[in-house]
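The values are calculated or read from the model by the stated rules, or taken from the named source; none is laboratory data. This structure is a prediction, so every number in the text was calculated from the model and none was measured. Methodologically, a virtual Cβ is constructed for each residue, glycine included, from the backbone with ideal geometry; neighbour enumeration extends over all protein chains shown.
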Amino acid sequence: MRKCFLLALACLTLGIYGNAQTKATATKVKQLTYSEFLKNIWDFEKNPNTFVYKGKAAAIVDFYADWCGPCRKVAPIMEKLALEYDGKLVVYKVNVDQEKELASAFQIRSIPTVLFIPKDGQPMLQVGAMTEAQFRDVITKHLVK
């Protein structure tokens, strides 16, 4: 009986671990560091007065923190949108606790704060949590036409 219990526990543990790995590799949301932001989004050190987007598709940059309740509510929406609009829209996340210099550069004072970047044109900044419908509205009107 004890062997059966240990075997069942081992299978359950491996199953949960396997699912966690699958979810981690299935994500389309990309974490951004300061240097990656400069390389892939906008090098504001070289072009501080002119926004020059470096990406090939529209983007969303979510400034968040792990401890933030509204940020945790927005996270699954970001995952869903990243998968749905894959190839047309890139979704990034910036952890403000780990990337303080980048958060400071954008004067992030409240989270979540979301930066919407059209392929051509000027970015738009939204402070506060949004619903999925609100995200879709911005995406269809301003990012993916």
If you scan the stretch 109-118, which residues turn out to be part of a loop (DSSP other than H, G, I, E, B) and either closer than 14 Å to VAL61 by Cβ or basic (Lys, Arg) (or both)?
ARG109, ILE111, PRO112, PRO118
Being surrounded by 12 or more Cβ atoms within 10 Å (Cβ to Cβ) and in a helix (DSSP H, G or I) is true for just one of ALA103, ALA129, ALA133. Which residue is that?
ALA103
Checked the stretch 127-141 for anything among the charged types (D, E, K, R) and more than 17 Å from the chain's Cα centre (by Cα); matches are ASP137, LYS141
Looking at the stretch 106-126, which of the residues that are within 18 Å of CYS68 (Cα to Cα) and loosely packed, with under 13 Cβ neighbours inside 10 Å is nearest to the chain's Cα centre (by Cα)?
SER110
Taking into account only those residues within the stretch 1-33 that are part of a helix (DSSP H, G or I) and closer than 25 Å to TYR85 by Cβ, which is modelled with the highest pLDDT?
ALA26
Only one of VAL96, VAL90, VAL61 that is β-branched (Val, Ile, Thr) and more than 16 Å from VAL144 (Cβ to Cβ)
VAL96
Verdict on PRO112 being touching a residue at least 60 places away in the same chain (Cβ under 8 Å) and not β-branched (Val, Ile, Thr):
no
Here the qualifying pairs (Cβ atoms under 7 Å; residues six or more apart or on different chains; first in the stretch 33-51 and more than 19 Å from PRO118 (Cβ to Cβ); second surrounded by fewer than 16 Cβ atoms within 10 Å (Cβ to Cβ)) come out as TYR34/GLU101; LEU38/GLU45
Of all residues being modelled with pLDDT of 95 or more and in contact with a strand residue (DSSP E or B) (Cβ under 6 Å, 6 or more places away or on another chain) in the stretch 136-145, which is surrounded by the most Cβ atoms within 10 Å (Cβ to Cβ)? Just the residue, please.
LEU143
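Results for (1) in a helix (DSSP H, G or I); (2) acidic (Asp, Glu), shown as yes or no for each residue.
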position: VAL74; (1), (2): yes, no
position: LEU81; (1), (2): yes, no
position: LYS93; (1), (2): no, no
position: ASP120; (1), (2): no, yes
Tell me, please, whether a residue that is surrounded by fewer than 17 Cβ atoms within 10 Å (Cβ to Cβ) and over 18 Å from GLU132 (Cβ atoms) can be found in the stretch 72-89.
yes
